[in-house]
Amino acid sequence: MEGESRRSPQSHSEGDGRRVSRRRFVKGVAALGAPLFLGKFAAGEETVVSTNQKKLAALGGPRAVPRGLQKGWPLITDEDKAAVMKVLERGVLWGTDAPETAALEKEWAEFIGTKHCIATNGGTAALHMGVAAAGIEPGDEVITCAYSWFASASCIIHHNGIPVFVDIQPRTFNIDPAKIEEKITPKSRAIIPVHLFGLPADMDEISAIAKKHNLIVIEDACQAHGAMYKGKRAGNLADMGTFSLNGTKNLPGGEGGLFNTNSDLYADRAEALRMFGEIEHIPHFRGRGFSEFGWNYRTQEFTAAFTRARIKRLDAENAVRQANAAYLTKHLSGIRGVIPPDVPADRTHVYHMYRIRLDPAALGLSIDPRTFRARVQKALNAEGVPIGGWKGSPIPSHNLFKLKAGYGKGCPWSCPHAGKEIVYREEDYPETLRMLDDSFCMTSALYPPNGLELMKHYVSAFGKVFADMDQLMKVSA
Ligand SMILES: Cc1ncc(COP(=O)(O)O)c(C=O)c1O
């Protein structure tokens, strides 16, 4: 059975060798009574779905996507290997002034367009450096997005600050600026917007609110390397910007992080936090020694060398993600009930993740979105489309917040410097919950070297799954 679906993506032929035009496909689907709309297919384009392959793979039919086509991430080149070998040959493995680390800081500052870059050992460390540099003190409140990776909030607790969450904007999935001001109190000191999935948040609106209330803004750009907002790079849109270099990221370094700022003061404070609070070597602080609290957030030379090799091709690799995403968006938006991600015209998305929402009501189905999504996800997975959920709940719904289990004894929430008690309830973030119910993500499937040939198979699989709702409803949720 598996062999039946092993067709060249160009051939688009049926088992008997006949090609399937869009018109015939639509006709075939209509004959099945399927609630499918393919209005956005360009003239002359053909789908990969053929009528003799309509049985869903989840129900024992052939897969729409042949096995082994998707290539994993990161793609490691000879240049990457040579960069790391050079470190071994040189024998200098660490140090804040070591050659690879210093060069990485210079090159990433140039790439982002900021005066300073400080390399560190993780995105979480970079975020914590930002929180410390912002001067957050015990009991201070920092606003961040209710949906993100946990570190967007835990970095605040690392410095005894108190996270305050704001719900997402349903089309961009980023923090909703319209809901920020209602969360501001006399204790508020900073905002950490997250450029989630690779799409910059609404930075003009966020910056205006921050200015009005005298708040410092730290970008969590850990998923948005290279993304642009109104002509500037994410990471250079606020007081400070932070990036992760973990192996899954668009700019992978294994493990590592980058901190960017145009401010000498924030750079000095972040530098001190990176190095045990030892600030004697920083001219601005000279003579005060270990007079600040600090950690060891230094990076090392292998990460720096590997990352440097990859900065050179970051834009080109993001362009492949964008072309893949554009193809998917063009075709999936033609399928009723499927809502591809939105990209406002004033910014670019670098598709660390491609999140798709589903609308069963648009298909005339009265089924709860969570069950529908689970069915579609299972059906697509069986067809060979790598769909997943990523984080399945809002950050404030985790026990750390619900039980206030931070450092024990209720700290930092019970700190005498804290303001009015904050209660964390997941039902306070309805847009996040709705999104989690009705959407799922594709990640490295869109990354190079994967290209349009693979995307065609994915579109074909979506077409197959959405062609016959009666069949789909037989897939267990
Ligand atoms: C949005 C976001 N913030 C922060 C982090 C933390 O980065 P790291 O894992 O490098 O500490 C990540 C990465 O996992 C992330 O995706």
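The values are calculated or read from the model by the stated rules, or taken from the named source; none is laboratory data. Here the structure is a predicted model, which means the values were calculated and not measured. Methodologically, a virtual Cβ is constructed for each residue, glycine included, from the backbone with ideal geometry; neighbour enumeration extends over all protein chains shown.
Might you check whether a residue that is farther than 17 Å from VAL217 by Cα and more than 24 Å from the chain's Cα centre (by Cα) occurs anywhere in region 104-114?
Yes, some residue in region 104-114 is farther than 17 Å from VAL217 by Cα and more than 24 Å from the chain's Cα centre (by Cα).
Residues ASN246, ASN236: which one is more than 16 Å from the ligand (Cβ to nearest atom) and in contact (Cβ under 8 Å) with a residue 12 or more places away in the chain?
ASN236
Just to check your reading of the model, which residue among ALA190, ALA224 is within 30 Å of GLY95 (Cα to Cα) and crowded, with 21+ Cβ neighbours inside 10 Å?
ALA224
Name the residue that is farthest from LEU358 (Cα to Cα), counting only residues in region 423-434 that are touching a Phe, Trp or Tyr at 6+ places or on another chain (Cβ under 7 Å) and not in a helix (DSSP H, G or I).
TYR424
All but one of (1) in the same structural domain as ASP468 (by TED's automatic domain parsing); (2) without any contact (Cβ under 8 Å) to a residue 40 or more places away in the chain; (3) not in a loop (DSSP other than H, G, I, E, B); (4) not aromatic (Phe, Trp, Tyr) hold for GLY68; which doesn't?
Only one criterion in (1) in the same structural domain as ASP468 (by TED's automatic domain parsing); (2) without any contact (Cβ under 8 Å) to a residue 40 or more places away in the chain; (3) not in a loop (DSSP other than H, G, I, E, B); (4) not aromatic (Phe, Trp, Tyr) is unmet by GLY68, namely (3).
Could you list, ordered by first residue, the pairs with Cβ atoms under 6 Å in which the first is in region 441-464 and touching a residue at least 40 places away in the same chain (Cβ under 8 Å) and over 15 Å from MET353 (Cβ atoms) and the second is among the aromatic types (Phe, Trp, Tyr) and part of a helix (DSSP H, G or I), at least 6 apart or interchain?
LEU452/TYR327; MET455/TYR327
Would it be correct to say that ARG355 is among the charged types (D, E, K, R), under 20 Å from LEU452 (Cα atoms) and either surrounded by fewer than 22 Cβ atoms within 10 Å (Cβ to Cβ) or within 21 Å of the chain's Cα centre (by Cα) (or both)?
Against the criterion (among the charged types (D, E, K, R), under 20 Å from LEU452 (Cα atoms) and either surrounded by fewer than 22 Cβ atoms within 10 Å (Cβ to Cβ) or within 21 Å of the chain's Cα centre (by Cα) (or both)), ARG355 qualifies.
For region 222-233, enumerate the residues that are within 11 Å of the ligand (Cβ to nearest atom) and closer than 20 Å to ALA210 by Cβ.
Hits for region 222-233 are CYS222, ALA224.
Regarding ARG286, is this residue surrounded by fewer than 23 Cβ atoms within 10 Å (Cβ to Cβ) and either within 16 Å of the ligand (Cβ to nearest atom) or modelled with pLDDT of 95 or more (or both)?
No: the conditions fail for ARG286.
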